[in-house]
Amino acid sequence: MPASFTPTAIDYLRFLPEILMIVAGTLIMVMQPLLGDNKRTAFSSVTLVGFIAALVAAVAANDYPGLSFSNMLIVDGFATFFRVLVIGVGIFTVLSSSEYLRREHAASAEYYALLLFSVAGQCVMATANELIMIFIGLEISSIATYILAGYLRDDKRNNEAALKYFLLGSFATAFLLYGIAWIYGTTGSTNLADIRSFLMTGGGARNLTLAGTAAALMFVGFAFKVSAAPFQIWAPDVYQGAPAPVTLFMSAGPKAAAFAVFMRVFIVAFGPITNRWEPFVWSSALLTMVIGNFAALAQTNIKRLLAYSSIAHAGYVMVAIAAHNQVGVAAAMFYLAAYAFMNIGAFAVITHFSRQGEKYVNVDDLAGLGWKQPATAALFSIFLLSLIGVPLTGGFFGKFYIFKAALDANLVWLSILGLLNSAVAAYYYLRIIVVMYMHEPGVSTLTLEPLSPGIRTTLWAAALGTLILGIFPSLLLNFATNSSALVK
Amino acid sequence: MTLLDLVIFLPLAAFLLILFLPKEHVDGIRRFSLVASIAIFVASLGLIGPYWFGNPGKFVFETDLPWINSPAIRYHVAIDGISLWLLLLTTLLTPLCVLVSWRSVQKRVKEFFAFLLLLEFGLIGVFCAFDLFLFFVFWEVSLVPMYFLIGVWGHERRIYAAVKFFVYTMAGSMLMLVGIIYIYNQAGTFDYAKIMAGLQNGSIASSYQEQLFLFLAFFIAFAIKVPIFPLHTWLPDAHVEAPTAGSVMLASVMLKMGTYGLLRFCVPMFPVAARNCSGWIVTLAIIGIIYGALVAMVQPNMKKLVAYSSVSHLGFVVLGIFSFTQQGFDGAVYQMLNHGVSTGALFIMVGFLYERRHSLEIDAYGGVATPAPRLATVFMITMLASIGLPMLNNFVGEFLVLQGTALVNFRWAIFAAIGVILSACYMLWLYQRVFFGKASGEVSGLRDLDLREYAISVPLIILMVWMGTFTQSFIPSISTSTAVILGPVDAKRDVHVRNATHGALRAQQQQGVLPAKESVDAR
């Protein structure tokens, strides 16, 4: 440990996004008793300003890469990528939530404050360079998300979602913490680079076995957070029960951040013992894709359907991790960004469509949307086609790049099975398009009101993002490729 | 920017423009689509120039621009003698499909024509992409509009048919995608020419095992699209449920994506594997020819009958390709075009009948020739073309395929010829039941062809006669390109075949069925 505990100015600069978000969150908590609950616009504006400032700070911090706060945090391309991604998700969540909160007569101040804290936690995860910081970031993010999942506290489904998420989540976090303890006991360090060099120089077969066990324990924790099989059981219930904009947030932000730490820990710290963890990441990837896609076939509730779809997509990203090469990391980064766009878009449509009390959340309720609100349905179709993986969308290119990485690593069978899975997936996504365009409109569609400005912005921006990533992937891919070298 | 780029992107531009037209002005939308698709067709006629009046090299109208840096994906398009005609088939049929749908599509007119033009964009792209990734993109892009055309504007079981069509094709394409990525990882490029070179000098897929797997990955994707028995089950559903324009584009052009893929990618890239697999593939093709014809014979539904006849006809194309002879290849390509023209025309005629009587059941008709003699005449010419009557187009294609097959294995040719006989049976029987006899009830009041319907049928009839008599307009350009593909897989390498070839070819040239070009190959 270096002796200096006084942070320098550049330390603060590197940590500025988190600081800004925490300040904005705290500010909202103070504003609420002073202004009362009715100043919704004030709260959402402060949140947006906080996020945008944090976004600018995150981009600016990228010009000052390096370690800070006694090597606890690291700012590199990888961290910046995920910081920008989760803050972007935060901005979209704010835009899609304001209408929802008004509709449900829910207090908005705490909601936005929790959102800011959660994203701040995810940014800490993205920049964390040692296990304790990872744990702290994960907890900041998770605890805020637990509360958000049950935000409408009079709603039974919200309660169920929050309780399940909290209990199972804490259980999984305990595994993670136990794994961290094992690692500390074995290697004497929580710093990722130190763990790596310890495992590189050997330390004897017994130590490698201990580290392997620790990797397995930590895998449980991370697999839970990214909803990878066999730890995905919570996801459908929670996604279905939570308020729609919170599901939008959960499926994109926390998941991306969890994948970021997953990759950083397993590729940096556990890089030397790849042969020990690759088989179970491999099998988990396959299992996740199969469970997600086949269970989604039978769903009638659209939130639940998308929950299973999000499990399946976690499986695709796991394929990239199983490849454990640099292309794989870049592919996972690109895929998570593309997935954020298309999934945010899809859930924003549901947020808009479900109406008060989330009355209309069945696939069949969408009947005839294509003719009642052509623009909404067309945008939704773009997101769904991207989720299927049709070319010229981000989803296709992401999938292409992931399976390219997998074939690079000679995972031929995993690639074949994974891609055949996506043909199965086409079936349930198409069902939504079928209902929207090929069924006659019912009550649920005819009573639909026009899009609110926030949701409209989200939809168009997400669709634009999906298409740009599909047609000009180089814009993002070059950055991802340049920052995918986690081990320096 | 070459003429080809213009032809590729005009449909996309027209598609985008339609999206901005107000949806209430249905007539304006129809007229715009017609004008746009005719303009595209006229522009595409310019592509024939080098083939009829110039001296084309291997590829013409080549454009090669970087699209994505890493992975190295390029916008690389060009045409050769095979692509040219398939491309023209697409651009010719699109305006005809617009005309066909003029009255029959009444709901959601704007979206219908938009999807039709988007489909044209995808199909044109497929036939001229010379970058594997670009090919795959166009391949998948053409899937989406067809899915909507079937699913929204189709008949009763349209949704089932549309989803089945999409998922079936998707499953095949995913295998192809694995193959494409696998090749890229070894070659570092998606470029067709570079990959071909790499495969030939052994720097890609050096072991036979790899080649065989890659061949199968591509083959299954294309076989689903063709479709080759037993992967054909999506086809009758899709054809029957699609609206007329959808059936026409599906049968005439989309099925050719599969056979085109076999000829452009499967065979030349993996010649050894293709030769080794030809035994069972030919068997499947022959089963398809006979099975398709037999099933067509017992169909009570006209569209289903034509759909199964497609399975049979496409079997000939596959047979021609996997005979690995110059005649077989030329015949296969020619048969692709013939099938596009004559089966497209059959679907259009069936559509005419449906517009009048609102039934696809053969039993609902009988004696149509009495109230509508002109329709009966046009239908008859089309039907005779489809059977393979000399002087009409299908005869030439079937003849070349059978001849090419006979050079390699005479028994195959005999079995395939049974299919030709059967096609006469089911077609003539269909014609008899629909057009002959006494017109009763509703049928007696059916109106005859109107101007619009003439405008649709006459160009196709002219083309059938032209392709059946003036083969010189088409075959030389096709042969030049197929000869290139044939090189490494030529069946003539087998000595005994060479001896058999000699006499047969000379006899052919004397009859004038084959162009003089063949004499060089025959030696």
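Brief remarks follow.
- Note that segment B:453-461 has calculated 3J(HN,Hα) couplings of 6, 4, 4, 7, 7, 4, x, 5, 5 Hz, one per residue in order, obtained from phi through the Karplus relation 6.51 cos²θ - 1.76 cosθ + 1.60 (θ = phi - 60°); glycine and proline are x.
- With all pairs of separate Cα atoms included, chain B yields a Kirkwood hydrodynamic radius of 23.1 Å.
- In segment B:97-205, Rg over Rh equals 1.12, where Rg is the alpha-carbon radius of gyration and Rh the Kirkwood radius from pairwise Cα distances.
- Averaged over peptide A:406-417, the number of partner chain Cβ atoms lying within 10 Å of each residue's Cβ comes to 3.
- Whether chain A is rounded, prolate or oblate, judged on the alpha carbon gyration tensor where a/c under 1.5 counts as rounded: oblate
- Cα-based Kirkwood hydrodynamic radius, segment A:319-374, one decimal, Å: 13.8
- For the pair B:Val298 and B:Ser359, a Förster radius of 22 Å applied to the C-beta separation gives a FRET efficiency near 0.75, rounded to the nearest 0.05.
- For segment B:277-489, the fraction of alpha-carbon pairs in successive 5 Å shells from zero, as %: 1, 8, 16, 19, 18, 14, 10, 7, 4, 2, 1, 0, 0
- Shown here for segment B:426-486: trypsin sites (Lys or Arg not before Pro) in loop regions (DSSP other than H, G, I, E, B) with at most 16 other Cβ atoms within 10 Å, namely B:Lys438, B:Arg447.
- By the count of other C-beta atoms within 10 Å, a proxy for reagent exposure, B:His25, A:His313, A:His439, B:His313 are ordered fewest to most as B:His25, A:His439, B:His313, A:His313.
- Of the Cα atoms belonging to segment A:376-417, the radius of gyration and Dmax stand at 12.7, 41 Å.
- Per-residue average of Cβ from other chains inside 10 Å of B:172-181: 6
- A simple spin-label model places the labels of B:Leu6 and B:Ile421 5.2 nm from each other, with each point 7 Å out along Cα-to-Cβ.
- Computed [θ] at 222 nm, helices only, for chain A once each DSSP H run of length n ≥ 4 contributes -39500 (n - 2.57): -26000 deg cm²/dmol
- Packing rank of B:353-363, A:419-429, where each peptide gets the mean count of other beta carbons within 10 Å, highest leading: A:419-429, B:353-363
- All-pairs Cα distance distribution in segment A:148-251, expressed in whole percent, bin size 10 Å: 16, 35, 22, 17, 8, 1
- Neighbours of A:Ile132 by Cβ distance under 15 Å: Lys/Arg scored +1, Asp/Glu scored -1, total -2.
- Note on segment B:86-118 and segment B:136-178: Cα centroid distance 18 Å, given to the nearest whole angstrom.
- For A:432-443, mean number of other protein chain Cβ atoms within 10 Å: 3
- HN-Hα J in Hz across segment B:71-82 - Karplus 6.51, -1.76, 1.60, θ = phi - 60°, x for Gly and Pro: x, 5, 10, 10, 8, 10, 10, 6, 9, 10, x, 7
- Sorted from greatest to least, the principal axis extents spanned by the alpha carbons of the protein assembly as shown come out as 98, 64, 46 Å.
- Remark: A:Val317, B:Val35 ranked as B:Val35, A:Val317, counting other beta-carbon atoms within 10 Å and listing the fewest first.
- Each of A:His324, B:His232 has some number of other Cβ atoms within 10 Å of its Cβ, and from fewest to most they run A:His324, B:His232.
- Computed over segment A:257-339, Kirkwood Rh from alpha-carbon pairs, angstrom: 13.2
- Secondary-structure-derived ellipticity at 222 nm for chain B, considering helices only, amounts to -24000 deg cm²/dmol, per-run term -39500 (n - 2.57) for DSSP H runs with n ≥ 4.
- Rh by Kirkwood over Cα pairs, then Stokes-Einstein D for segment B:5-144 at 1.306 mPa s and 10 °C, µm²/s: 101
Values in this text are rule-based calculations from the coordinates and carry no lab data. Keep in mind it's a predicted model, so treat the numbers as computed, not measured. Cβ sites come from the backbone with ideal geometry, for glycine too, and all protein chains shown count toward neighbours.
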